[in-house]
Amino acid sequence: MASRRALLTGFEPYGGRGSNPAYDVMRALDGKEIRGVTIVGRALPVSYAALRRRIDEVLDEVDPIAVLSLGLWPGEPVIRLERLAANVTDFEIADNDGLIMTDGEVVGGGVLALAATLPLREIEHALLAAGIPARISGTAGSFLCNACLYHFLSASASRAAGQLCGFMHVPYLPSQVAELLAGTRREGRYELHQRADLASMDLGTATRATEIALGVTLAMRSPD
């Protein structure tokens, strides 16, 4: 029997940041075995033009029984389990190619929204039981994280019946918040130290949260 594999993706750094915890978590779990399934980690480009092609490539390469994608949500204090991907592209910042999309569609003429197929409520309960703050979110935004989820759900539906697929946002790393605070001091923007969007989560906790999410998901898949 061929090895059973699950795909874990993480976006590369973007927005002038030197790191991305989504990428770091993906690297930490690449090659790990969870419930008899090998986790295959792959990076995704922060490029609207290249994203769909990369998603098709990794699905062809890995042929996973489940897909979990990770992204950074700056300012979020908890793990976000995304319920929906909207057919919307409306960027607040440019992607790594310098592109800004306004009032566009992920797929022209596509359905308005697609629902993640991960067991979100079960994952949420497991994370909270493990002492990890988490919540189910109604929106994956309108940047590349949302486009990623939309593309994966569309592709998964056509490739494998019953393939589980979803997206999880993680907070800043503490080192990233420290860098932000140092920058506000250098620039004299001291009022930012009171802002709520300076929350963070250490890499070990974010990695453990992802491992739990994968474990709960893979528990739903019986061996072929």
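The values are calculated or read from the model by the stated rules, or taken from the named source; none is laboratory data. Fair warning: this is a prediction, and the values are worked out from it, not measured in the lab. Here the Cβ positions follow ideal geometry from the backbone for every residue, glycine too, while neighbour counts run over all protein chains shown.
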Exercise. In segment 112-140, which residue that is touching a Phe, Trp or Tyr at 6+ places or on another chain (Cβ under 9 Å) and part of a loop (DSSP other than H, G, I, E, B) is nearest to residue 46 (Cα to Cα)?
Worked result: 140
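Just the residues that are part of a helix (DSSP H, G or I) and either modelled with pLDDT of 95 or more or in contact with a Lys or Arg (Cβ under 6 Å, 6 or more places away or on another chain) (or both), please, taken from segment 60-99.
Passing the criteria: 61, 62.
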For this session: Can you tell me which residue among 124, 57, 61 is free of Cβ contacts under 8 Å to residues at least 60 places away in the same chain, of a type in the set (Asp, Glu), out of contact with any His (no Cβ under 9 Å at 6 or more places or on another chain) and closer than 27 Å to residue 201 by Cα?
Result: 124
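Would you mind stating whether residue 28 is at pLDDT 95 or above and part of a helix (DSSP H, G or I)?
It is true that residue 28 is at pLDDT 95 or above and part of a helix (DSSP H, G or I).
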Exercise. If we scan segment 101-115, do we find a residue that is at positive phi and in contact (Cβ under 8 Å) with a residue 24 or more places away in the chain?
Worked result: no
Seminar exercise, completed: Among the residues of segment 134-152, the number that are surrounded by fewer than 23 Cβ atoms within 10 Å (Cβ to Cβ) and either in contact with a strand residue (DSSP E or B) (Cβ under 6 Å, 6 or more places away or on another chain) or free of Cβ contacts under 8 Å to residues at least 12 places away in the same chain (or both) is 3
Exercise. When residue 69 is evaluated against the numbered criteria (1) hydroxyl-bearing (Ser, Thr, Tyr); (2) within 23 Å of residue 38 (Cα to Cα); (3) surrounded by fewer than 17 Cβ atoms within 10 Å (Cβ to Cβ), which criterion, by number, is the only one it fails?
Worked result: (3)
